[in-house]
Amino acid sequence: MQRTLFRWRGRFRLAHNGGVIAERVLVSASRDQHLTMSDDRLLAECTVETYRASGPGGQHRNKRDSAVRLTHEPTGVSATATERRSQHENRRVAVRRLRKAIALRVRAPAEANAPPAGPLADALADPRWPRVGQKAPTYLVAAAQVLDRLEAAEGKVSEVAAALGVSTASLVKFLSLDTDLWQEANRLRRRFGLKPLRRA
């Protein structure tokens, strides 16, 4: 298995009680490859743990180790699935969640003002922008690339929107249509001391 080279970029912020919390941002130049590879290839890069999840009693109690936790070895990102009674189904759900977690939490080097390319350029050219299909194979790459640019612009949405050639309102709309993407964008902004975005 080929390992991905990555590095941590540290940031610091004050905790509510006055203490200092170190926040780490995982940076990986090959993140987009992980997002576009097949489920089987992505699974091959993971440590798979199965366990018995706690749940309600009675006849529907899960009596087997069908819960699945995946840890992606190159990045350290993990995802779990416990709600299905089938280990196979939970594994499939966990892979889907892991892929999204990698898109949201792993940043790739980017320049805030660079012209868009690849899946992000395709998403911007889609006549449905900002309502692009979240089930499209390249959606997560495009979403991750927007977050990369937000990271490079220190959370300034207007700066990223101008570089992408779209209005700030349409970029905020794109972020807001996916709850997880919205939360990650606001988490990123908080790291830079900015107020959270508001839905229009």
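The values are calculated or read from the model by the stated rules, or taken from the named source; none is laboratory data. On a predicted model such as this, the values are computed, not experimentally measured, just so you know. Here Cβ is always computed from backbone atoms with ideal geometry, including for glycine, and neighbour counts include all displayed protein chains.
Couple of notes before you dig in:
- Leu150 vs. criteria closer than 30 Å to Thr80 by Cβ and surrounded by 15 or more Cβ atoms within 10 Å (Cβ to Cβ): yes
Here's the yes/no breakdown for (1) in a helix (DSSP H, G or I); (2) under 12 Å from Val106 (Cα atoms); (3) at pLDDT 75 or above:
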{"site": "Arg3", "(1), (2), (3)": "no, no, no"}
{"site": "Trp8", "(1), (2), (3)": "no, yes, no"}
{"site": "Arg11", "(1), (2), (3)": "no, no, no"}
{"site": "Gly18", "(1), (2), (3)": "no, no, no"}
{"site": "Glu23", "(1), (2), (3)": "no, no, no"}
{"site": "Leu43", "(1), (2), (3)": "yes, no, yes"}
{"site": "Val48", "(1), (2), (3)": "no, no, yes"}
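- Residues that are under 15 Å from Leu147 (Cβ atoms) and either without any contact (Cβ under 8 Å) to a residue 60 or more places away in the chain or over 19 Å from the mean Cα position of the chain (by Cα) (or both) within segment 78-109 comprise just one, Ala101.
- When Ser167, Ser176 are checked against the criterion of being among the polar types (S, T, N, Q), more than 20 Å from His34 (Cβ to Cβ) and surrounded by fewer than 14 Cβ atoms within 10 Å (Cβ to Cβ), Ser167 stands alone in meeting it.
- First in segment 110-136 and within 11 Å of Leu164 (Cβ to Cβ), second anywhere and β-branched (Val, Ile, Thr) and in a loop (DSSP other than H, G, I, E, B), Cβ under 7 Å, 6 or more apart: Ala123/Val132; Leu124/Val166
- Residue ID - surrounded by the most Cβ atoms within 10 Å (Cβ to Cβ), chosen from residues in segment 187-200 that are farther than 15 Å from Arg107 by Cα and not small (Gly, Ala, Ser): Leu197
- Considering segment 59-97, the residues that are of a type in the set (Gly, Ala, Ser) and surrounded by 21 or more Cβ atoms within 10 Å (Cβ to Cβ) include one that is modelled with the lowest pLDDT, namely Ser66.
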